[in-house]
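Novice: Pasting a structure below so you can have a look.
Read-outs throughout are calculated quantities, based only on the coordinates presented, and are distinct from any laboratory measurement. Since the model is a prediction, treat every value here as computed from it, not as a measurement. Cβ placement follows ideal geometry from the backbone for every residue including glycine, while neighbour counts extend to all protein chains displayed.
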Protein chains: 2
Amino acid sequence: MTREQLIEQIKLKKSFLCVGLDPDLKKLPKHILKEPDAVFEFNKRIIDATLPYAVAYKPNIAFYEALGPRGWNSLQRTLGYIPKDCFTIADAKRGDIGNTSALYAQAFFDKNASGMSFDSITVAPYMGRDSVTPFLEFKDKWVILLALTSNEGSADFQHLVSNPRLSPADIDAEIPHSQVLLDTENSYLFEEVLRRSQTWPNANRLMYVVGATQAHLLKRIRAVVPDGFLLIPGVGAQGGSLDEVCRYGLNADVGLLVNAARSIIYASSGADFAQKAAEEAKRMQQEMAQYL
Amino acid sequence: MTREQLIEQIKLKKSFLCVGLDPDLKKLPKHILKEPDAVFEFNKRIIDATLPYAVAYKPNIAFYEALGPRGWNSLQRTLGYIPKDCFTIADAKRGDIGNTSALYAQAFFDKNASGMSFDSITVAPYMGRDSVTPFLEFKDKWVILLALTSNEGSADFQHLVSNPRLSPADIDAEIPHSQVLLDTENSYLFEEVLRRSQTWPNANRLMYVVGATQAHLLKRIRAVVPDGFLLIPGVGAQGGSLDEVCRYGLNADVGLLVNAARSIIYASSGADFAQKAAEEAKRMQQEMAQYL
């Protein structure tokens, strides 16, 4: 899907809602569990119910992978069921050395090889440039790089403050750090991920994951990536605020996809789960419409 | 598998060789491609041929995932074929928020759920503590955390120098950095990953990925993790030196698993591929035996 097509859908539906398709067998309504492919049946009804309000769907791959090969079959059927005018995200958080990342890209982008072709995939940045660029080689496909995640552990490493001018040689030689550190180039690790990735080939195919629980840091992120799209998890069950996200995150092309999973798909655990999911998705869409 | 069992195997075989099972359809011998499950047949013959010389097998999950559900079936069959006295590594580089990492752990550790139970899994650290700890909850299972990888891009972020005493508040307030940075606590990101992860619950179930192409940094790593096991990729096709790895990496319990994939499994692309794989594995085992 192109950027223009995504923006068109957002304007059409007055929504930048992404629904997380994270079907946990322990939480699915009992009557659905009786179906031969319960995971697909659940997703199908959630998609039907939320389609007027959502522009994107994001299956988190862990929920399918945990079920072994049958989970991958449910994932394939789910992707096949999502209408083509919706943006699809494989939330896989993959990343490996170059020749291996190329195979992960094949798994999620190349229908001939794996049976699936998502519009985008989430990728972890720890292994650097050559672990990400193989995903960027696909036209009209998107790489959504982890920048600042919504979980508590994001502070462990993403918040570390580094100075890109301090080289490994400096630290080994124990040169006076005052020479290189008394400047303004100190930055968070997540800012360094944004800055460096913006210089990689096909960087125009990058989006970023930015947790809504960190909305006050969105200002810093928009300073580095003013035009890009951000995927924002953490609104809903994880406690992020849509108002803060919009205040700091919206740009001229909207530039946001806000994901909600548990608060929508498990709005009810009864026979009315799809109806309750639709109501919650509609509530979020209407809130979003006010900012557009 | 327990640490004691792994060490016993290493002593028995006089080897710390791990064979990477990375079956690329483009590289498999032609006569194997005619088999109904070519990937499994290839792996089976590689395992048979290298078993006297290897203590561990490491399927890189990307190579199976790229083939869709049938790839997962080949992976399950492969894992089932590896003898129980070998250490098995799911090279998956997973990692997500806590409830999601728990499902990835289920995918690779819980046979009842997914059909597979590896001894260990590789995990990416970017999302921090709560993205890793769910994997650490399994008794006699191991988490092999990415520290310093063997690819060129490892320098992008893993080599960034940070100061853990410099907090986000400091950078926002623009306090004089000289106050906090003129000390000796500056460290590479990968060192911070080692240090912090060693404080997490069940840290005794951690091993680390350390690329052999970075052998000169092994000294720094052993300063933080003197007793732990390190998984060393990058010897062979990626150019790392076994001699350097042993010089800086060996500890009293050996503490190393050295992985080779391409140099063994593609030693020949002809009908003699298994025999050539055995010869290369034997050559590496004999080199390793000299250091034990």
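Novice: In peptide B:145-155, what is the residue-averaged number of other protein chain Cβ atoms found within 10 Å of each Cβ?
Specialist: 5
Novice: Here's a follow-up. Relative contact order for chain B: what is it in percent, counting Cα pairs under 8 Å that are at least 6 residues apart?
Specialist: 21 percent
Novice: Residue by residue, what Karplus-based ³J(HN,Hα) values in Hz, rounded to whole numbers, does the range A:30-45 have, using 6.51, -1.76 and 1.60 with θ = phi - 60° and x for Gly and Pro?
Specialist: 4, 5, 6, 4, 6, 5, x, 10, 4, 4, 5, 4, 4, 4, 4, 6
Novice: Sticking with this one: Counting partner chain Cβ atoms within 10 Å of every residue's Cβ in A:71-82, what's the average?
Specialist: For this peptide, the per-residue mean of nearby foreign Cβ atoms is 2.
Novice: When chain B is treated as a GNM, springs tying every alpha-carbon pair under 10 Å, which of B:I144, B:I46, B:I97 comes out with the largest mean-square fluctuation?
Specialist: For chain B, modelled as a Gaussian network with Cα springs under 10 Å, the answer is B:I97.
Novice: Still on this model: Treating the point 7 Å from Cα along Cα-beta-carbon as the label, what are the nm separations from B:D140 to the other copies, to one decimal?
Specialist: When each copy's label point is compared with this one, the spacings are 5.2 nm.
Novice: Who wins for biggest fluctuation among B:A107, B:A223, B:A281 in a Gaussian network model of chain B, springs between alpha carbons below 10 Å?
Specialist: Result for chain B, Cα springs under 10 Å: B:A223 fluctuates most.
Novice: Also, quick follow-up: Taking all pairs of different Cα atoms in the range A:240-292, averaging 1/r and flipping that mean, what Kirkwood radius in angstroms comes out?
Specialist: Kirkwood radius, the range A:240-292: 12.1 Å.
Novice: Multiply the residue gap between A:L292 and A:S117 by 0.36 nm, knock off their C-alpha separation, and tell me the result in nm, one decimal place.
Specialist: Here the segment from A:L292 to A:S117 would lengthen by 60.0 nm.
Novice: If each residue of separation counts as 0.36 nm, what is the full-extension length gain between A:Y248 and A:D140 once their alpha-carbon separation is subtracted?
Specialist: Between A:Y248 and A:D140, full extension yields an extra 36.2 nm.
Novice: Rounded to whole Å and sorted largest first, list the principal axis extents of the Cα atoms in the protein assembly as shown.
Specialist: Dimensions of the protein assembly as shown along the principal axes of its Cα atoms: 71, 63, 40 Å.
Novice: Using only the Cα atoms of the range B:5-73, what semi-axes does the equivalent ellipsoid have when each is the square root of 5 times a gyration tensor eigenvalue? Give whole Å, largest first.
Specialist: 26, 13, 9
Novice: Rounded to the nearest 0.05, what FRET efficiency do A:K30 and A:Q275 have when you use their Cβ-Cβ distance and R0 = 22 Å?
Specialist: The pair A:K30/A:Q275 has a calculated efficiency of 0.85.
Novice: Any chance you could tell me what percent of the C-alpha pair distances in chain B go past 32 Å?
Specialist: 26 percent
Novice: Any idea what the dipole of chain A comes to, in debye rounded to 20, about its Cα centre with Lys/Arg Cβ at +1 and Asp/Glu Cβ at -1?
Specialist: 900 debye
Novice: Using only the alpha carbons of the range A:1-142, what is the convex hull's orientation-averaged projected area in square nanometres?
Specialist: If I average the Cα hull's projected area over directions, I get 8.9 nm².
Novice: Taking only Cα atoms and a 10 Å spring cutoff, compute GNM fluctuations for chain A and point out the largest among A:P134, A:P125, A:P201.
Specialist: A:P201
Novice: Let me ask something additional. With each label point set 7 Å from Cα along the Cα-Cβ vector, what nm distance links A:K282 and B:K11?
Specialist: A separation of 7.0 nm, rounded to one decimal place.
Novice: If you don't mind, another one. Remind me, relative contact order of the range A:28-111 in percent, using alpha carbon pairs under 8 angstrom and six or more residues apart?
Specialist: 29 percent
Novice: Is there a simple number for the mean count of other chain Cβ atoms within 10 Å of the Cβ of residues in B:57-66, and what is it?
Specialist: Average per residue, whole number: 6.
Novice: Further question on the same structure: As a footprinting exposure proxy, order B:W72, B:W200, A:W142 by other Cβ within 10 Å, with the fewest listed first.
Specialist: Ordered by Cβ neighbours within 10 Å, fewest first: B:W200, B:W72, A:W142.
Novice: While we're looking at this one, here's another question. Which distances, shortest first and in nm, link B:Q5 to the matching position in the other copies, using label points set 7 Å out along Cα to C-beta?
Specialist: Label-point distances to the other copies, shortest first: 5.0 nm.
Novice: Given a cut-off of 25 Å, name the pairs among A:K34/A:K141; B:K84/B:K282; A:K11/A:K84; A:K14/A:K141; B:K219/B:K276; A:K26/A:K58 whose C-alpha atoms lie farther apart than that in the structure shown.
Specialist: From the list (A:K34/A:K141; B:K84/B:K282; A:K11/A:K84; A:K14/A:K141; B:K219/B:K276; A:K26/A:K58), the Cα-Cα distance tops 25 Å for A:K34/A:K141; B:K219/B:K276.
Novice: Can you run phi through the Karplus equation (6.51, -1.76, 1.60; θ = phi - 60°) for the range B:151-162 and list ³J(HN,Hα) in whole Hz, with x for Gly and Pro?
Specialist: With coefficients 6.51, -1.76 and 1.60, one gets 8, 4, x, 4, 5, 4, 10, 5, 8, 4, 9, 10 Hz.
Novice: Which longest run of chain A has no exposed loop site in it, a site being trypsin sites (Lys or Arg not before Pro) in a DSSP loop with at most 10 other beta carbons within 10 Å, and the site itself not part of the run?
Specialist: A:140-292
Novice: Still on this structure, please answer the following. In deg cm²/dmol, rounded to 500, what helix-only [θ] at 222 nm does chain B give when every DSSP H run of at least 4 residues adds -39500 (n - 2.57) and the total is split over its residues?
Specialist: Per the formula, -11000 deg cm²/dmol.
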